[in-house]
Every structure is written in structure tokens, then in C-alpha cells.
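Here is the structure we will look at, set down as C-alpha cells.
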Amino acid sequence: MAKILIIEDDPLMLRMYQKIFTFEGYEVDLAADGQEGLEKVRTGKPTLILLDIMMPKMNGLQVLEKLKADPEMKKIPVVILTNLAGQQDAEKALMMGAIKYIVKSEYEPKQVADVVKQIMAGYTRGEIPKA
Amino acid sequence: MPALFNFLRQPKENQAKILENLPLSLAQANQEGIIELANVQFLKICGLKRAVGRNLLDLSSIKKLNLKPQIDKGLKGQAFNVEVSPNLPTERVKNFYRFQGIPVTSGLLLIVEDITAQKRLIEDAQNYIQKLQQEQSRFLASINSLGRGFVIIDIKNNILIKNNAIDSILGLKNLEGNVLLKGDIESIEKRLKASFDLKSAWEKSLAEKKTVDIKEIPFENKFFRLFLAPIMMGEEAIGVVILIEDITEAKILDRAKDEFFSIASHELRTPLTAIRGNTAMIEQYFADKLQDQELKGMITDIHESSIRLITLVNDFLDVSRLEQGKIIFKQEEFETTSLVKEVTNELKKTAQEKNLYLRLTPPASSLPLAAADRDRTKQILYNLVDNAIKFTEKGGVEIKIDLRDKSLAVNITDTGKGIAQSQQNLLFRKFQQAGENILTRDVTRGTGLGLYISKLLTEGMGGKIWLEKSEENRGSTFVFTLPVAKS
């Protein structure tokens with residue numbers, strides 16, 4: 001069963017995304033900040049990571065940098081979560097190796113799940129869908 | 001009067017000639033006051049036909065002017081010099097005469113001068129000076145009430161006028177305890193040197209006879225805006241006006257506004273996203289628990305409201321950033337036809353729900369690529385097509401793309417209710433709903449910002465947007481243009 005790791009500091013959003021992936025039949029792991037997130041990647045080895053950009057202490061871009069610097073962790077696809085104001089950072093994340101970014105307020109949870117499904121299917125087929 | 005001695009040595013005929021041509025009135029009396037000599041001018045001024053032989057003290061004009069005491073004194077050897085006016089106080093025109101009494105060995109020389117013109121000139125000059133002084137006071141008061149530093153310099157570096165604000169803005173008073181050391185522009189130039197070359201700026205303004213506007217100069221912990229303008233007298237530049245404005249507070253306000261908007265939008269969007277997401281999931285995964293239609297309806301309403309609120313927040317943020325010029329448009333080249341197809345695909349369902357057609361008329365010939373920001377163009381298209389669907393009940397929406405004046409023009413035509421002539425010029429304004437009064441507003445119309453945002457976006461990318469035509473109950477055509485890619 002595929003495992004999704006959600007790294008998101010806002011508990012409201014964390015709960016919401018946890019629900020949708022649980023409903024869709026994924027195993028879900030949660031992290032409330034960048035540090036915890038990196039640890040859970042190492043120990044949990046998720047199939048895909050949902051990463052929030054705007055977090056205190058260590059923001060999403062810093063986490064992404066660390067992920068892509070590690071030979072094992074860099075292979076895991078990363079989908080960025082952002083709100084409209086963070087779009088510029090999200091574009092930067094794409095250049096740093098994230099697969100796609102999702103503007104949280106513009107997507108229904110089911111659509112997020114569909115995107116994730118597509119990406120994972122692409123990965124297993126060896127194709128990476130366009131951001 | 002040395003001339004008089006020469007005069008007295010002249011032969012009699014010449015004496016007479018000289019006397020009659022003097023610009024003065026002259027009379028000479030003996031020690032008793034009897035007039036021995038008088039010229040025509042004197043006769044005229046005193047209103048006499050004959051003066052020789054008569055006593056000065058008896059002349060009515062002398063009596064009228066109250067000159068008897070002076071003449072008495074004069075005959076006794078005391079010189080006098082008085083200004084008199086023969087006019088009554090009630091008379092508007094006033095004449096003035098100077099009566100000069102010069103004692104001579106044989107008696108008294110009386111010289112009368114009409115000084116009316118002189119007096120008037122002096123009065124006029126005094127009035128004029130007073131007016132200028134008032135002007136200057138007014139001017140100084142005005143420039144001192146300016147919040148900006150104001151300096152006028154002449155072409156030789158000298159400061160002609162400065163106001164108080166310049167000292168406080170530049171912090172000049174504290175430097176040496178004196179204000180503006182030499183009274184020339186050098187002290188100000190020195191003060192600004194690290195941030196800005198003022199000397200070159202004003203020299204340039206003078207030489208080119210043009211205004212210079214420097215929007216932002218960092219200075220210590222402040223920001224200034226500098227404005228220089230040459231003072232023209234005909235074709236010549238005779239000086240420069242320099243204005244220095246402290247814009248620090250305006251900049252701080254700007255940044256604060258920016259920060260407020262980002263934080264506010266983030267804080268608003270998170271709970272809204274939670275409402276949207278959770279209600280969507282309830283509808284999707286808990287449908288069995290929602291069998292009650294009323295309950296289902298309420299969840300749907302909550303979900304749709306959250307989407308409306310999210311759109312509102314997005315619109316407000318967009319407007320604020322567009323108005324502040326903070327939106328960066330990507331320079332991209334893309335095919336308009338495929339972009340239109342994307343939008344029509346997204347809105348197909350909405351149109352179908354109202355049984356409306358939504359189609360793109362394929363262009364007659366191949367079109368060049370557009371040079372603009374693709375996402376923002378999609379936003380404009382989406383707004384116009386969505387509006388078209390909203391305001392149409394039967395028929396549908398047709399989109400056509402053509403080339404006009406070297407720009408790509410996208411035409412969106414609907415068969416909807418149209419817009420009344422009187423409302424048409426309100427269309428692209430902020431918050432304007434081209435509808436009747438605010439109480440009868442159609443609640444589905446949204447914030448009234450859609451067209452305004454579309455306008456700011458289009459113009460920001462170098463295009464234009466307008467209502468091509470509209471007829472009530474027949475429909476409307478909106479057009480927006482985009483620049484063509486150079487390749």
C-alpha cells in the first residue's frame with residue numbers, strides 16, 4: 001500500500017489532507033514541521049511527500065533542499081502545497097526538483113488525491129507527468 | 001545759487017527770456033515785501049494778471065495757502081521750504097506745490113515748484129514696494145508652509161530663496177549650529193553627496209532646460225524624492241527650483257500595506273480552504289449519512305459559499321497588487337487558440353447546465369503567437385466567458401480570434417441580456433455592477449471586481465479591453481487584445 005507523508009504546520013490543513021488520503025485508501029503519515037518531516041522520510045520511507053511551503057523554523061524550500069541533497073531521499077516525488085501568495089516560492093521549488101505545486105484554496109481534496117494518483121502512476125510507469 | 005549771479009550779470013533782454021522759460025515760478029520782493037520781479041509762471045500759479053508793485057503778503061493766493069507767516073520770516077531773513085496743497089479736502093485731485101523762500105540782500109526770492117507729478121510718482125512707488133513686500137511675504141509664507149524642502153538657486157550657485165523645511169529635512173541646522181553655511185548650494189550638495197550628485201543634476205536641468213525627477217534616493221535612514229525645474233525667463237534659464245520630499249513614511253506605509261495583505265490573505269484563505277475541503281469530503285464520502293435533502297442542501301450551500309469567499313479574497317488581493325504595480329507578468333509566447341480551448345473545456349459543464357452552446361470559431365488563417373503571461377490571459381478569458389454564460393439564458397457564447405492593428409484580438413459574443421447604454425461606461429470601473437441600484441443587485445454577480453481586474457491585467461500586458469457592442473436582450477460582444485510575439 002502506498003504511503004503518503006504530509007508535512008504541514010497548520011493542524012486544520014493537516015487533518016483535511018489526512019482525511020482525503022485515508023478515504024482514498026492510502027497509508028498516511030504526518031509531520032507538523034520540517035525537522036519532524038525529514039526524520040519521518042528517513043525512517044518511514046514514504047512513496048510520495050506532500051510538502052507545505054510556508055512553515056516556521058524550517059520552511060518548505062529548505063526541507064526540499066535537504067531532501068534533494070540526500071541520495072536516497074531525492075528519489076521520492078514531492079508535491080508542494082502553497083497558497084496564492086506563495087506562488088513565487090512554489091515556482092522556485094519546481095526548479096529545485098519538486099514535481100508539481102498545488103494552490104490549496106483552488107483545489108478540492110478529491111482533486112488533490114487525483115493529482116497524487118496520477119503522479120504515482122507515472123512514477124511506476126517511469127513517466128513523470130508535466131507540472 | 002551760482003547760476004543766479006551769472007543771471008544777474010546778463011543784459012536785460014536775455015534776463016527776461018531766461019526768466020520766462022524757467023520751469024519754475026519765480027518772484028523777487030524787496031524787504032517790505034513789494035514784488036519787484038515776477039515771471040509769467042508765477043503770475044499763472046498765483047492767478048494774477050500783474051504782480052510787480054503788489055505786496056506778497058497781500059496776495060490772495062499767499063493768504064489762502066497760509067504762507068504769510070513764512071513770508072514774514074523770509075522777509076526778516078529766514079529761509080523756508082514748504083509743501084502746500086491748494087485743494088480742499090473734499091477735492092479728489094490734489095495738486096502740490098513747493099514754496100521756497102530764499103532771503104537775498106535786496107529782499108526775498110520766492111520760488112514755486114509744481115511737485116504734483118513728483119509726489120504722485122513717489123506715492124505710486126511706495127504702493128508698488130508695499131505690494132511687492134506683501135507678495136514676498138505671501139510667497140515666503142507659502143513656501144514655508146510646504147512640507148517639502150524648497151530652494152531656488154541662480155545660475156551662479158547662490159541660494160536666492162529657501163524655506164524652513166529644507167533645514168529640517170536635511171538635518172542641516174544641527175551641523176554647525178548655523179543654517180546653510182555659505183548661503184550657496186554647496187552645503188546641500190555636500191550633505192547629499194554620498195547618496196546623490198546634486199550638482200550634476202541641477203547643472204543638467206539648467207543646461208537642458210528640462211525638469212529632473214528622481215523618484216527615490218536613500219539618505220541615512222530615510223528616503224527622499226528630488227525634483228528640479230529650471231526657471232525660465234523667455235528662452236533663458238535664470239535659475240533652478242529644487243524640491244526635496246521626505247517619502248520615508250509613504251514607503252513604510254506601502255510596505256506595511258503589502259505585509260498586511262499577504263498576512264490577511266493567508267490567514268483568511270486557510271480556514272476557507274478547510275471549509276471548502278471538508279464540505280466537499282462530506283458530500284463525497286458521507287453521502288449515505290446525508291440522505292436528508294435539507295441537510296444535503298445546507299452542506300452544498302456551505303461549500304459554494306466557501307468558494308465564493310475564496311474568490312473574493314483572491315480578487316481583493318489581485319486588485320491590491322495590480323494597483324500597486326506589484327504583479328510581475330511573465331513574458332511568454334503561446335497559442336491563443338489552445339488557451340481558449342482550455343477555458344471552454346473548463347466551462348463546458350457550466351454552459352451545458354443552462355443549455356447554452358459554448359464554442360470557438362476556428363480562425364480563418366493561422367494566427368501568430370501571443371506575447372503575454374499565459375496564466376493571466378487565462379484569468380481574463382475565464383472572467384469574460386464566465387460572465388457571458390452568467391448573463392445568458394438562451395443561445396450561447398461564441399469566441400473568435402482575429403488580428404487587428406498588429407494585435408491579437410479575442411472576441412467573446414453572447415446572446416444574453418445585454419447592457420443598457422447608460423450603464424456601459426461603468427463597466428470596467430472598480431466595484432461597478434452594470435446593473436440598476438444596489439438593492440436590486442443580482443447576487444450571483446460577485447464582487448464587481450472581475451472586469452476591473454481584467455482591465456488592469458490586459459493593460460498591464462500591453463493590450464486593451466472594451467465592450468465592442470451591446471444591445472438589451474440581444475447580447476454583448478467584449479474584446480481584448482494582446483501583443484503579437486516578435487518571432
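Some notes on this structure:
- Where strands (runs of 3 or more DSSP E) sit wholly within segment B:75-184, those with at least 3 residues that are modelled with pLDDT under 90 and farther than 30 Å from B:I62 by Cα occupy B:149-154, B:159-162.
- Test: B:I282 is closer than 30 Å to B:D258 by Cβ, free of Cβ contacts under 8 Å to residues at least 60 places away in the same chain and within 12 Å of chain A (Cβ to nearest Cβ): no
- Filtering segment B:425-441 to residues that are loosely packed, with under 15 Cβ neighbours inside 10 Å and modelled with pLDDT of 80 or more leaves B:N425, B:R429.
- Condition check for B:Q379: closer than 29 Å to B:L317 by Cα, modelled with pLDDT of 90 or more and polar (S, T, N, Q): yes
- When A:K92 is tested against (1) among the basic types (K, R); (2) farther than 27 Å from B:F316 by Cα; (3) surrounded by fewer than 18 Cβ atoms within 10 Å (Cβ to Cβ), only condition (2) is not met.
- Residue within segment B:234-241 that is acidic (D, E) and within 12 Å of chain A (Cβ to nearest Cβ) present: no
- Which listed residue, of B:L347, B:L253, B:L360, is within 25 Å of A:V112 (Cα to Cα) and away from chain A (no Cβ under 11 Å): B:L347
- Number of the exception - A:M120 against (1) surrounded by 19 or more Cβ atoms within 10 Å (Cβ to Cβ); (2) of a type in the set (A, V, I, L, M, F, W, C); (3) modelled with pLDDT under 90: (1)
- Single unsatisfied condition, B:F329 versus (1) assigned to a helix (DSSP H, G or I); (2) within 14 Å of another protein chain (Cβ to nearest Cβ): (1)
- Some residue of segment B:234-253 being within 18 Å of B:L172 (Cβ to Cβ), at pLDDT 85 or above, more than 17 Å from the chain's Cα centre (by Cα) and part of a helix (DSSP H, G or I): yes
- Flag for A:A90 being at the interface with chain B (Cβ under 9 Å from one of its Cβ atoms), at pLDDT below 90 and out of contact with any Lys or Arg (no Cβ under 8 Å at 6 or more places or on another chain): no
- Picking from residues in segment B:238-255 that are without any contact (Cβ under 8 Å) to a residue 24 or more places away in the chain and either in contact with a Pro (Cβ under 9 Å, 6 or more places away or on another chain) or not aliphatic (A, V, I, L, M) (or both), the one that is farthest from A:Q111 (Cα to Cα) is B:E249.
One line per residue, one yes/no per condition, for (1) loosely packed, with under 15 Cβ neighbours inside 10 Å; (2) among the hydroxyl-bearing types (S, T, Y):
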residue: B:T336; (1), (2): no, yes
residue: B:T361; (1), (2): yes, yes
residue: B:D373; (1), (2): no, no
residue: B:A388; (1), (2): no, no
residue: B:S407; (1), (2): no, yes
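- Close Cβ contacts (under 8 Å, 6 or more residues apart or on different chains) running from residues in segment B:454-483 that are closer than 16 Å to B:R429 by Cβ and assigned to a helix (DSSP H, G or I) to residues that are aromatic (F, W, Y) and at pLDDT below 95 comprise B:S454/B:F428; B:K455/B:F428.
- Look at (1) in contact (Cβ under 8 Å) with a residue 24 or more places away in the chain; (2) away from chain B (no Cβ under 14 Å) and you find that A:K74 fails only one, number (1).
- Residue ID - farthest from B:R429 (Cα to Cα), chosen from residues in segment B:299-333 that are free of Cβ contacts under 8 Å to residues at least 12 places away in the same chain and among the acidic types (D, E): B:D301
- Considering only residues in segment B:256-268 that are in contact (Cβ under 8 Å) with a residue 60 or more places away in the chain and more than 10 Å from chain A (Cβ to nearest Cβ), the one that is nearest to A:V112 (Cα to Cα) turns out to be B:D258.
- Top-ranked residue of segment A:65-82 - restricted to ones that are crowded, with 21+ Cβ neighbours inside 10 Å and either among the hydroxyl-bearing types (S, T, Y) or farther than 18 Å from A:V116 by Cα (or both), ranked as modelled with the highest pLDDT: A:L67
- Candidate set: segment B:351-366, residues that are in contact with a Leu (Cβ under 9 Å, 6 or more places away or on another chain) and farther than 23 Å from B:L467 by Cα; chosen: the one modelled with the highest pLDDT: B:Q352
- Residues of segment B:48-62 classified as without any contact (Cβ under 8 Å) to a residue 40 or more places away in the chain, assigned to a helix (DSSP H, G or I) and surrounded by 12 or more Cβ atoms within 10 Å (Cβ to Cβ), total: 4
- Here B:P271 fulfils each of the conditions (1) at the interface with another protein chain (Cβ under 9 Å from one of its Cβ atoms); (2) under 30 Å from B:L170 (Cβ atoms) apart from (2).
- For segment B:290-321, filtered to residues that are closer than 19 Å to A:E108 by Cβ and over 59 Å from the mean Cα position of the chain (by Cα), the residue that is nearest to the other protein chains (Cβ to nearest Cβ) is B:L290.
- Residue check for A:D114: under 29 Å from B:Q379 (Cα atoms), surrounded by 15 or more Cβ atoms within 10 Å (Cβ to Cβ) and within 14 Å of chain B (Cβ to nearest Cβ): no
The values are calculated or read from the model by the stated rules, or taken from the named source; none is laboratory data. Everything quoted here is computed from the prediction, not taken from an experiment. Every residue, glycine as well, gets a Cβ built from its backbone with ideal geometry; the counts of neighbours run over all protein chains shown.
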